[in-house]
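Reading through the structure tokens given below for one structure.
The values are calculated or read from the model by the stated rules, or taken from the named source; none is laboratory data. Computed from a predicted structure; not experimentally measured. FYI the Cβ positions are ideal-geometry reconstructions off the backbone, even for glycines, and counts take in every protein chain you see. The accessibility values were calculated without ligands, DNA or RNA, using every heavy atom of the protein model including side chains. Shrake-Rupley method; radii C 1.70, N 1.55, O 1.52, S 1.80 Å.
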2 protein chains.
Amino acid sequence: MKVSELGEFGLIDILAKTSHGTIDRGALSGQKLILGIGDDAAAWYGDDSIQLATTDSLIEGIHFSLDTISWEELGWKSLAVNLSDIAAMGGLPSYSLVSLALPGNTEVDDVISLYKGMVELANIFDVSIIGGDTCGAPVVVINITVIGSTGNRDNPILTRSAAKAGNQIAVTGYLGGSAACLEMLSKNVTLDSNTTAILRKTFFKPYPRITEGRLLVENGVISAIDISDGLIADCSHICRMSNVSARIEIDRVPVLPAVRDKFGYRAIQMALSGGEDYELLFTADAGVIEKTKEAVSCPITIIGEITGDKTSGVTLVDNKGNHVSITGKGWEHFTTGKDKE
Amino acid sequence: MKVSELGEFGLIDILAKTSHGTIDRGALSGQKLILGIGDDAAAWYGDDSIQLATTDSLIEGIHFSLDTISWEELGWKSLAVNLSDIAAMGGLPSYSLVSLALPGNTEVDDVISLYKGMVELANIFDVSIIGGDTCGAPVVVINITVIGSTGNRDNPILTRSAAKAGNQIAVTGYLGGSAACLEMLSKNVTLDSNTTAILRKTFFKPYPRITEGRLLVENGVISAIDISDGLIADCSHICRMSNVSARIEIDRVPVLPAVRDKFGYRAIQMALSGGEDYELLFTADAGVIEKTKEAVSCPITIIGEITGDKTSGVTLVDNKGNHVSITGKGWEHFTTGKDKE
């Protein structure tokens, strides 16, 4: 079977099983693993704190095109997607290792711009770039590892596996901006300069929710994920890992206003399935979410709830509770076989 | 200027400067950097120990060809080159993050073999594979990050910058096997099966000197590097970082016997410049090296000494102390301009 037939998540499952025998051997060197493959970051007990580590690669032609993203934006985004994983654990990032693979004809000034973008973001969150690796390659490959911690061994971390039936589901900020930006660029849609700038910023300079992740932990949230694959897909990860299901009321999903204004019926699809918004999706009791709302300066929107049903995954409903599905024309109520003909 | 004109080490220097402003910001989260970009691994003070982290990428067509290396060997080697960096710091590896970028038509069974090779090595040194990332790519890209520690905050680490004038220079094991294997494969040289197996093992399944690195520290060595770029190049890194020079007596260099037997006058060049042998090159006072020799089970060979001269880098000498140079025909004494005509 080919990797393309199996898909990313199937491959991760197999690799997690193949490497499972290596888990907890680290205990011999005095450390103890908390979370291995499968969450936003790996976590283990350090001496006085919980340590976190995450890694992500960005590959030219797969994750970005140098026709649309600037080198400086690319540097920012490469680090941001990793910081977002640390945010989704409720951690603070400390150190970063950067591996660059570059075609020989890459301009040195462009590589410096790449680093400047990374450094700009690193400085905001006090992350030190402490090492890495450079080599040649047919296309640009950027791999970044970020190491962080919770600061305290007794602090809980945010995991994908802690959602409980009865929890409300909430999301930080607004969704759909990255998918809209990708569509604007790939289809050469011309929008006013203000909208263009908003969408580019969402897609190319996502702002990792480190501060918000910390406040989630402080206010009692224990389950979260960052929205990289898309709201529905990432909510499904929580359901699978927590052995629960989710009901999302689509009218409550906070679509980025610029997307709602300019992309009509496509907007809800972009917000639900687009991905790469790097907002935090989290679940908690209503009271905890209320406290969190007061503590966090960005918008927090309740969009649904976790149910005890273990088999139905993520269900979308309208404001009357009727099931709906997302189609190329936006969303519609589930139709019978007859209607479909 | 293009990256290819500047070269790898020039690029690393520029990137180290560009990211220098981020160094020590980690102190705000209670940690303190010891070593950033430029050594085998980054190092910082954890709560009770010195933490280490290193990362390396292997890219198809640049670092390996799937025509010659098996997937299982590729898995072993990808982890081994990172463990070797931890060994060169005198540390113990604990955790590993694996990022795989794969063409869609890669066989899932091949990816499982890759992981099996990694797991085989990980289990030898009690390393847990705790996370990573998978994505598509035009060629196979494997990036591995290894996190380790010294076990104790007061333990010294092995650095490139601690060599002192008067130190002897020593090396573990034998050199030249990987360069010889590469030549055997690239020029379709047919050798007996025993030699072929020895050379393949050196190149494709290098055994990281973790145990030896620990014993070096315990016996008082404080300066070391692993031989990835080649003996001369890696010794030059120590000279530059320690602000000293080195004199290597080429007759003392431990060339792998199979290489000396089969590659004639080319053998010494392979041992001095070939790289990828992943042995440890270290410097210390004669007494410390004598103690180390007794403690370590692999051969330790003294090959030269560190001199106080800050400008001459690595000088090669024969057994009478006369300067020699390496040429396509092995080595020769330095010739005058007239002789060259």
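Computed quantities for the displayed model
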{"quantity": "Cα centre as origin, Lys/Arg/Asp/Glu Cβ charges: region A:196-240 dipole, Debye", "calculated": "220 debye"}
{"quantity": "Estimated FRET transfer efficiency when R0 is 56 angstrom, pair residue B:307-residue B:105 (beta carbons, to 0.05)", "calculated": "0.55"}
{"quantity": "Distance histogram for region B:1-139 (every C-alpha pair counted, 5 angstrom bins, percent rounded to whole numbers)", "calculated": "2, 8, 15, 18, 17, 17, 12, 8, 3, 0"}
{"quantity": "Computed lengthening from residue A:218 to residue A:252, 0.36 nm per intervening residue step minus Cα-Cα distance", "calculated": "9.7 nm"}
{"quantity": "Number of partner chain Cβ atoms within 10 Å, mean per residue of B:59-67", "calculated": "2"}
{"quantity": "Reach of residue A:116 by Cα under 21 Å, taken over lysines that are not fewer than 8 positions away in the same chain", "calculated": "A:77, A:201, A:205, B:2, B:17"}
{"quantity": "Estimated distance in nm for a label pair at residue B:20 and residue B:326, the labels positioned 7 Å out from Cα along Cα-to-Cβ", "calculated": "3.1 nm"}
{"quantity": "Quotient of C-alpha Rg and 2.2 N^0.38 Å, computed over region A:99-181", "calculated": "1.59"}
{"quantity": "For the protein assembly as shown, convex hull of alpha carbons as volume per residue, Å³", "calculated": "173 Å³"}
{"quantity": "Relative contact order [Cα under 8 Å, 6+ residues apart], chain B, whole percent", "calculated": "19 percent"}
{"quantity": "For the protein assembly as shown, calculated [θ]222 nm from helices alone, where every DSSP H run of n ≥ 4 adds -39500 (n - 2.57)", "calculated": "-10500 deg cm²/dmol"}
{"quantity": "Along principal axes, Cα extents of chain B, largest first, whole Å", "calculated": "58, 50, 49"}
{"quantity": "5 Å-binned pair-distance histogram of region B:133-213 (Cα, whole percent)", "calculated": "3, 9, 13, 13, 14, 16, 14, 10, 5, 2, 0"}
{"quantity": "Percent of beta bridges antiparallel (DSSP, region B:216-336, rounded to nearest 5)", "calculated": "75 percent"}
{"quantity": "At least 20 Å along the helix axis (C-alpha) and Kyte average at least 0.5, DSSP helices within chain B", "calculated": "B:108-124"}
{"quantity": "Cα point-scatterer Debye curve for region B:188-303, base-10 log of I(q)/I(0) at q = 0.12, 0.13, 0.18 Å⁻¹", "calculated": "-0.47, -0.55, -1.02"}
{"quantity": "Using a Förster distance of 45 Å, the FRET efficiency for residue B:290-residue B:194 (Cβ separation, nearest 0.05)", "calculated": "0.85"}
{"quantity": "Peptides ranked, highest mean first, by Cβ atoms within 10 Å: ranges B:138-148, B:81-91, B:201-211, A:291-301", "calculated": "B:81-91, B:138-148, B:201-211, A:291-301"}
{"quantity": "Interface B:A - total buried accessible surface [probe 1.4 Å, Å², rounded to 100]", "calculated": "6400 Å²"}
{"quantity": "Inter-label distance for residue A:135 and residue B:32, nm, one decimal - labels placed 7 Å from Cα along Cα-to-Cβ", "calculated": "3.5 nm"}
{"quantity": "Proximal aspartates and glutamates to residue B:32, defined as alpha-carbon separation beneath 20 angstrom and excluding residues fewer than eight positions away on the same chain", "calculated": "A:47, A:48, A:126, B:24, B:40, B:47, B:48, B:154"}
{"quantity": "Under 15 Å from the residue A:124 label point (7 Å along Cα→beta-carbon), backbone N, region A:253-277", "calculated": "A:277"}
{"quantity": "Residue A:153/residue B:2 FRET efficiency (R0 35 Å; Cβ-Cβ; nearest 0.05)", "calculated": "0.15"}
{"quantity": "Globularity index of region A:253-297, i.e. its alpha-carbon radius of gyration over 2.2 N^0.38 Å", "calculated": "1.43"}
